[in-house]
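Chemist: Shown below is the structure under consideration.
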Amino acid sequence: MEMQGQSNLNSQQLSYEQFQEQIKQRQQQEQLQAQQALRNAGLDPKSQQVQQVVQELYNIERELKLAENQLQMQMDAQKRQIQLIQQKIQQAMAQVKSSLASQSNSTTSYPSNNYMQ
């Protein structure tokens, strides 16, 4: 069952990585379009530099949001793993208690009838 969970996690990571790559490509495309628009508008180099800085700040913000989302996904996955481990521990404890209870009942339930011989 753990292997199935891991394969699901791997497929989610792969699609997430593909998603990140698509966003990166789109950002590069937008940046190129913005630079071309600036050149077409005839803006001076200083204005272009300011625009590039602004664009870079937007890119950094997007990267931070993506990293935050990825971190949240990892934390959620680890939380689920911890919950599964806790359930297994609880089940094992219940089995131990049940086993101990049945052992104590069988050893103290009735005295032997050896004196009747």
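The values are calculated or read from the model by the stated rules, or taken from the named source; none is laboratory data. Bear in mind the structure is a predicted one, so any value in this text is a computation, not a measurement. Here Cβ is always computed from backbone atoms with ideal geometry, including for glycine, and neighbour counts include all displayed protein chains.
Chemist: Among residues belonging to the stretch 20-49 that are of a type in the set (A, V, I, L, M, F, W, C) and surrounded by 11 or more Cβ atoms within 10 Å (Cβ to Cβ), point out the one that is farthest from LEU71 (Cα to Cα).
Modeler: From the stretch 20-49, those of a type in the set (A, V, I, L, M, F, W, C) are 23, 32, 34, 37-38, 41, 43; that's our starting set.
Filter once more, keeping what is surrounded by 11 or more Cβ atoms within 10 Å (Cβ to Cβ): 23, 34, 37-38, 43.
Details: ILE23: 17, ALA34: 31, ALA37: 36, LEU38: 36, LEU43: 40 Å.
Within the stretch 20-49, the match that is farthest from LEU71 (Cα to Cα) is LEU43.
Results for (1) in contact with a Gly (Cβ under 6 Å, 6 or more places away or on another chain); (2) modelled with pLDDT of 85 or more; (3) assigned to a helix (DSSP H, G or I); (4) over 21 Å from SER15 (Cβ atoms), shown as yes or no for each residue.
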| position | (1), (2), (3), (4) |
| --- | --- |
| LYS46 | no, no, yes, yes |
| VAL54 | no, yes, yes, yes |
| LEU57 | no, yes, yes, yes |
| GLU61 | no, yes, yes, yes |
| ALA77 | no, yes, yes, no |
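Chemist: Of all residues in the stretch 61-97, how many are over 30 Å from ILE23 (Cα atoms) and either of a type outside the set (D, E, K, R) or within 18 Å of the chain's Cα centre (by Cα) (or both)?
Modeler: Start the filter on the stretch 61-97 by keeping residues that are over 30 Å from ILE23 (Cα atoms), which leaves 82-97.
Okay, now just the ones that are also either of a type outside the set (D, E, K, R) or within 18 Å of the chain's Cα centre (by Cα) (or both), so 82-87, 89-96.
Total meeting the criteria: 14.
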